[in-house]
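The values are calculated or read from the model by the stated rules, or taken from the named source; none is laboratory data. Note that the coordinates shown come from a computational prediction; the quantities given were computed from them, not determined experimentally. Quick reminder, even Gly has a Cβ in these numbers, built from the backbone with ideal geometry, and neighbours come from all protein chains shown.
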Amino acid sequence: MREQYNLISKIVSLCKRRGFIFQSSEIYGGFEGCYDFGPLGVELKNNIKKVWWDEMTKNHENIVGLDAAILMNPKVWQASGHLTAGFADVLVECKKCHHRFKEDSEFLKQSHNKCPDCGGELTKPRKFNLMVKTFIGPVEDEAAVTYLRAETCQGIYMNYENVLNSMRLKLPFGICQIGKAFRNEINPKNFVFRTREFEQMEMQWFCNPKDADRFFNYWKEERIKWYLNLGIKKENLRTIEVPEEERAHYARRQVDIEYHFPFGWQEIEGVHNRGDWDLSNHSKNSGKDLNYFDPSASSGQAKEKYFPHIIETSIGVERSLFAFLCDAYQEIKGGRTETTEATKEVEIMLNIHKSLAPVKIAILPLVKNKEEIVKKAREVYQMLKSHFMVQYDEVGSIGRRYRRGDEIGIAVAITCDFQTLEDNTVTLRDRDSMRQIRVEILKLQEIIQKILKREEFLKLGKPIK
Ligand code: GAP
């Protein structure tokens, strides 16, 4: 157990040291449950979002995108069930210091049901709603109350009919969205695993109720494939069929996709059959008929009218990013064999899928005091930087620079050396295999595209023994 927490603290430390993730408002002592993403973190996050977006909108037919506002009419949350008991944690409160704790937390068990902070007596358990309240307009009264959205999908339901009509869609079809969500989590924990502000990537698949079970299974399989294709180790992934009493208030069926974090198996994505919970409740509460008139009725027959059922896939950006980091993090004791410097140390390596790597290429002049080599390396940098995320690095020995790149998962290192000046070729070094090939500068762009698509590295240039 200790070793596992040690691993988390190493990953947290790497994230800070190399500019992935910082504590929010750090100079004021931080702000619990909130994190900031640094230069590499934001690249990684954007890559995850792009891969997910492309998967939904390009690799699947009939899925369109949306970007709805975070703030909505509070009636949305009344109708969705989020303001009632369904979306709440059960808490106890200390009568003396008023700190609150989850009823089933380890803390409480260890403090024998006294306040873990001051030893005070605790109240009976009661439900505490997770919606983050805010006030809109100049007066802070009840009329001005609204909420920061707790799930992005409600914005999709609000626009279900707009999208259906404007895009001339027919069932089945999907609407996907990426955006911020907020929850007043009483117990944010495990770094970016559970936070109060986070992003979700959600896809809502609208279908004929008759097809819901089939599509549920289809989407569950599709989502598992997505993680495996992005290199998540099979043994670190599993699905759990959530029993009725533990399901979200809107779910008829729920499968959680779990990742084996160093602190245990935890949900990273939910696949839900929401049935007609959302559309029927919004119809009832808004007075707007959100039934679907099925045009597939044969001539002479009345058109069938029903609420489409919704299959939802819902994944957290930061939570999946954390899973990708945990899966990719490796320590190689004694270092890898390419430099003598490395051999005595532990080498850190981020073996992350190349499409997610925050920086794709390192450009390295072999030496920094040979003007022509530096000039050439700068030219290669200029040539590639509008196509890929590229880093120029001339500080330290070549071995040290390789290692700095490996630590943040840079996919390919390009070295300009004396031979470059003679024949306009450079050395490419693959992060994972450490194998090297020699290629012409003019072909670099095309070859790097192939490397990122995981074509066989040694076949892309002249292998160096
Ligand atoms: N619309 C359905 C929905 O929101 P959920 O299971 O509550 O379902 C889906 O959330 C995903 O959102 C989770 O699997 C997780 O990845 C992410 N998520 C939820 N709460 C989170 C939190 N407090 N911090 C970070 N990610 C969170």
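Some values worked out for this structure:
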read-out	value
Helices (runs of 4 or more DSSP H) wholly inside segment 347-454 that include at least 3 residues being within 30 Å of Ser13 (Cα to Cα) and basic (Lys, Arg)	398-407
Pairs, first closer than 10 Å to Leu350 by Cβ in segment 404-424, second part of a helix (DSSP H, G or I), C-beta under 8 Å, six or more apart	Glu407/Leu14; Ile408/Leu40; Gly409/Ala328
Which listed residue, of Leu228, Leu279, is more than 10 Å from the ligand (Cβ to nearest atom), over 29 Å from Glu93 (Cα atoms), of a type outside the set (Lys, Arg) and without any contact (Cβ under 8 Å) to a residue 12 or more places away in the chain	Leu228
Near pairs, Cβ below 6 angstrom, 6+ apart or cross-chain, from segment 73-96 (farther than 15 Å from Leu148 by Cβ) to any residue that is charged (D, E, K, R) and at pLDDT 85 or above	Lys95/Glu121
Only one of Gln204, Gln254 that is touching a residue at least 24 places away in the same chain (Cβ under 8 Å) and either over 30 Å from Glu93 (Cα atoms) or not in a strand (DSSP E or B) (or both)	Gln204
So Lys189, is it away from the ligand (no atom under 16 Å from the Cβ) and out of contact with any Phe, Trp or Tyr (no Cβ under 8 Å at 6 or more places or on another chain)	no
In segment 279-322, the residues that are of a type outside the set (Val, Ile, Thr), part of a strand (DSSP E or B) and within 30 Å of Gly409 (Cα to Cα)	Ser314, Gly316
Test: Ala181 is of a type in the set (Gly, Ala, Ser) and in a loop (DSSP other than H, G, I, E, B)	no
Residue tally, condition surrounded by 13 or more Cβ atoms within 10 Å (Cβ to Cβ) and touching an Asp or Glu at 6+ places or on another chain (Cβ under 7 Å), over segment 97-113	3
Only listed residue being within 14 Å of the ligand (Cβ to nearest atom) and of a type in the set (Phe, Trp, Tyr), chosen from Phe198, Phe135	Phe198
